[in-house]
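All of the numbers you see were taken from the coordinates with simple rules; none came from a lab. What you are looking at is a predicted structure, and each value in this text was computed from that prediction instead of being measured. No Cβ is skipped: glycine too gets one built from the backbone with ideal geometry, and neighbour counts run over all protein chains shown.
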Amino acid sequence: MIRVIVGNKGSGKTARLVDELNEHAAQDNNVVCIEYGRRLDSSVNFKIRLVDITEYPTNGYRELLNFISGMYAKDYDLGCVYIDSIY
């Protein structure tokens, strides 16, 4: 399932994302969040694996999909993958 959170700047998209991340981490799910930069480091539970996409050379959606597929191949019990502003 894919869910998209959209809205104007300052409408609370990131706060909603952080709430959902922390909810899933509290349920002992294996959660990954792909983000652009390190904005969420201090906002989310320490159990959540944060991936800074700027550290990996992904150009375009096809390479991003391959990157996510590689994460699932490495860690078969991923519960959720969240993506926050990758470009």
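Worth a mention:
- Point-charge dipole on Cβ atoms (K/R +1, D/E -1) for the chain, about Cα centre, debye to 20: 260
- Separation of the residue 56 and residue 14 label points, Cα + 7 Å toward Cβ, nm: 2.1
- Among 69, 43, 11: highest mean-square fluctuation, GNM of the chain, C-alpha pairs under 10 Å: 11
- At an R0 of 25 angstrom, the distance between the Cβ atoms of residue 71 and residue 2 translates into a FRET efficiency of 0.95.
- Highest mobility in the GNM of the chain, judged by mean-square fluctuation with C-alpha springs under 10 Å and restricted to 50, 64, 40, is found for 64.
- Extending 7 Å from Cα along the Cβ direction at residue 85 and again at residue 22 yields two label points whose distance is 1.9 nm.
- Three semi-axes describe the equivalent ellipsoid of the chain; taken as square roots of 5 times the Cα gyration tensor eigenvalues and ordered largest first, they are 19, 17, 12 Å.
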